[in-house]
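Each remark here refers to the structure printed beneath this line.
What follows is calculated from the coordinates using simple rules that are stated; it is not laboratory data. Bear in mind the structure is a predicted one, so any value in this text is a computation, not a measurement. As a convention, Cβ positions derive from the backbone with ideal geometry for all residues, glycine included, and neighbour counts pool all protein chains shown.
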Amino acid sequence: MTELLKRLCLINGVSGDEDRVREAVIGRIRDHCDELSTDPLGSLIAFKSGRSAGKKLMVCAHMDEVGFIITHINSDGTLSFDEVGGIDPSVVIGRQVKVGKAGLEGVVGSPAVHNLSKEEREAPPKFSGMTIDIGASSKEEAEKYVSPGDCAYFSSEFLEMGSRIKSKAIDDRAGCAMMIRLMQEDLPYDTWFVFNVQEEIGLRGSAASAFTVAPDFALVLEATTAADIDGVSGQKKVCSLGGGPVVGFMDRRTIYDRDLYRLAFDTAKEMGIPCQTKTAVAGGNDAGAIHISGRGVRTLAVSVPCRYLHSPACVIDREDLENTYALVRELAGRIPGL
Amino acid sequence: MDLFTDIKELAEAWGPSGCEGPAGDLAMFMLESYCSEVHASGNNVIGRFGTHQKGKPHLVLDAHIDQIGMIVTGISDDGFVKVDSLGGIDRRLLPTQQVLIYGERQIPGVFSTLPPHLAQGGNKVMTFAEAAIDTGLPKEELEELVSPGDCVKFDVKLKRLLGERVTCGALDDRCGVACILYALELLKGCELRYNVTVIFSCQEEVGERGAKIGAFELSPDIAIAVDVSFAMNTGEDPKKCGELGKGPMIGISPSLSRRVSDKLIACAKAAQIPFQYEVMNGTTGTNADRYSVERGGAETGTVSIPLRNMHTPAEVIDIEDVRLSARLLAEFIKEEQK
């Protein structure tokens, strides 16, 4: 699955700009489903029949990643931009980025530290005033390559560090990878698979696709906030790498279905794999839109614990990814029979 | 020589202050193409250009071989690598920055941070006491591989931007090293006004320490520091900056020899080399400050290559400026045509 994840993470696809991710997904699932369509927003909806019908289960993940959108080309040839999705400006300054569909090289500069006042050095950076430098010496030169509305992306290699993986866009290409793999298996029940757009700007794609599919149950596959880093202890870690799949009871957008929550932990226990909850009510994912879609959908999110979410260097554990997949696969075989 | 390739190889080589070995070895190898006598003096690399003749003044061309970086101070209980700075690091851009640790082998890592989902009104820039590198390796394995005193650098590859602009870390001052090498290339076979010695000096970023002992060893009559200076960029003060692509910045300062500055300017004008004034009101912050007052003193000058985003992994230069700076040095050194 590492190779599949790598392929997916290295594709650039900011919210509203998921075309290339979708094409890559289609190429991998085309021969493994019975129906396949792209909805008006760009989400990919697939149906795969199983050995029996059961209740209607929708498994989903989002294709978009956080990134940037070019807003203006300045007279000195630099590019003004806004962030797309929630990004800490300190993971953006002093970084290489890629610009536009052609993947033009660029950097986000910063005034030299020598020229900052003591106060400025101690103040976290802000997006206002940051620009992308593609090496253009004038507005005219930049305009040959870039237009306002083009997206820009984190530029970061996919790296294996011991048992860990570091990459951009693990949120949520990890979910996409698990879905692709699940679709290649022989399934016990009919299942709908949705690859959503625009999660990072407020769960937009899933709102529409959940209505279209109108499932009884939804299983959202995600990467979620591990804070098990130096200097953080106890509950503040939220969840930990190596602790197995993360099944939360509540986040900022959703109170998860209690029975499904218990089912997940019982199933993991039966399978002998670790499983953890989130020890903080934080973040949110497509479940927030899905569980209140139509007359309501019984929803659960199963996530890979991930450090440094929404940065060029998300870090996950390979074993967590395998264990998360194993749990998801088992749950997909049980939920429609509830 | 291919200036682009030399700059790329030099900028990607290892050499934080005090740990200049690999970059120094590479620079020495490159210098051997031009100098009959090359030696290392500590981590300073020194080469004598051509045959020195009695009666000619002794000119030293200096570029520093070290780069800013970090040094390992320990491994935390949770298995994160703790570091302190080597040179002026902008701590605002540390979160999720990718680094390499020069331990028993080169170990990749990223600086830890909390994701925006969990950050609580983060109005503080992380200190080095708080900063920690995540290598993905368990503590026991890490302790076998990493020790206090090991060096760390930002892990970044050189990328081509538009035109002749490039981005990488450590262009400060590897582009100065490349500039001197290119000047020697231009001087091949020329009559020289001076006995020329080249030094690629260590530990500039921690206070021009390599140049201090280099100046003592070489005892020049004239020394020119070939370093980088601030190029105008978003957020910078145009009064304090040169511009990319407009040629070498010639230093004028109470601490520099006015005769040397005037001669550099005259050479640029005579050879129609575009140049920029860099006026300073005291010492220069370059190795020139050391040569001026070592032993009985020397006449000094600075030729600086404009550079954006100094001391970040996203430094930007225009290779044309390196070429023009090398031409200026060659003009300064060449015997005037009768």
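Using Cα pairs closer than 8 Å and at least 6 residues apart in sequence, work out the relative contact order for chain B, in percent.
Relative CO of chain B lands at 23 percent.
According to a simple spin-label model (label point 7 Å from Cα along Cα-to-Cβ), what is the distance in nm between B:Ala40 and B:Phe216?
2.1 nm
I'd like the orientation of helix B:258-270 relative to chain B: the angle between its Cα long axis and the longest Cα principal axis, in ° from 0 to 90, rounded to 10.
Approximately 80 degrees, to the nearest 10.
Once you charge only the Cβ atoms, +1 for Lys and Arg and -1 for Asp and Glu, what is the size of the charge dipole of chain A about its Cα centre, to the nearest 20 debye?
740 debye
Using Cβ contacts closer than 10 Å as the measure, can you line up B:Thr284, B:Thr135, B:Thr234, B:Thr312 from fewest to most?
Ordered from fewest to most neighbouring Cβ atoms within 10 Å, B:Thr284, B:Thr135, B:Thr234, B:Thr312 come out as B:Thr234, B:Thr284, B:Thr135, B:Thr312.
From the backbone phi of the stretch A:191-204, what are the Karplus-calculated ³J(HN,Hα) couplings (6.51 cos²θ - 1.76 cosθ + 1.60, θ = phi - 60°) in whole Hz, Gly and Pro given as x?
Using θ = phi - 60°, the values come out as 9, 9, 10, 10, 9, 8, 9, 6, 5, 6, 9, x, 6, 7 Hz.
Find me the longest stretch of chain A that has none of the exposed trypsin sites (Lys or Arg not before Pro), where exposed means in a DSSP loop (not H, G, I, E or B) with at most 14 other Cβ atoms within 10 Å.
The longest such stretch corresponds to A:145-251.
Of B:Ser41, A:Ser110, A:Ser138, how do they rank once you tally other Cβ atoms within 10 Å and put the fewest first?
A:Ser138, B:Ser41, A:Ser110
Considering Cα pairs under 8 angstrom that are at least six residues apart, work out the relative contact order of the stretch A:67-154 and quote it in whole percent.
In percent, rounded to a whole number, it is 46.
In what order do A:Tyr308, B:Tyr34, B:Tyr277 fall by count of nearby beta-carbon atoms within 10 Å, going from fewest to most?
Lowest to highest Cβ neighbour count: B:Tyr277, B:Tyr34, A:Tyr308.
Let me spell out the model: positive unit charges on the Cβ of Lys and Arg, negative unit charges on the Cβ of Asp and Glu, origin at the Cα centre of chain B. What dipole size does that give, in debye rounded to 20?
About 1240 debye.
Using DSSP to call loops (not H, G, I, E or B), can you name the trypsin sites (Lys or Arg not before Pro) in the stretch B:87-138 whose Cβ has at most 14 other Cβ atoms within 10 angstrom?
Here the trypsin sites (Lys or Arg not before Pro) that fit, given the DSSP loop and packing criteria, are B:Arg105, B:Lys124.
At 7 Å along Cα-to-Cβ for each site, give me the label-to-label distance between B:Glu144 and A:Glu270 in nm.
Result: 4.0 nm between the two label points.
Take peptide B:130-142, look around each residue's Cβ out to 10 angstrom, count Cβ atoms belonging to other protein chains, and average those counts.
4
Mind ordering B:192-198, B:50-56 by average Cβ neighbours within 10 Å, highest first?
My ranking of the peptides, most packed first, is B:192-198, B:50-56.
Within 10 Å of each Cβ of A:306-314, how many other protein chain Cβ atoms are there on average?
Average neighbour count from other chains, rounded to a whole number: 6.
Kindly provide the helix-only [θ] at 222 nm of chain A, computed as the sum of -39,500 (n - 2.57) over DSSP H runs of four or more divided by all residues, to the nearest 500 deg cm²/dmol?
-7000 deg cm²/dmol
Work out how much length B:Asp25 to B:Val293 would gain on full extension: take 0.36 nm times their residue separation and subtract the Cα-Cα distance, in nm to one decimal.
Roughly 93.6 nm would be gained on extension.
Taking the simple approach of a point 7 Å from Cα along Cα-to-Cβ for both B:Glu104 and B:Met1, what is their distance in nm?
So the label points at B:Glu104 and B:Met1 sit 3.8 nm apart.
Counting only helical runs of four or more DSSP H residues, what would the 222 nm mean residue ellipticity of chain B come to if each run contributes -39,500 (n - 2.57) and the total is spread over all its residues?
It comes out at -8000 deg cm²/dmol, rounded to the nearest 500.
From other protein chains only, count the Cβ atoms within 10 Å of every residue's Cβ in B:156-164, then give the mean.
Counting Cβ atoms of other protein chains within 10 Å of each residue's Cβ and averaging gives 5.
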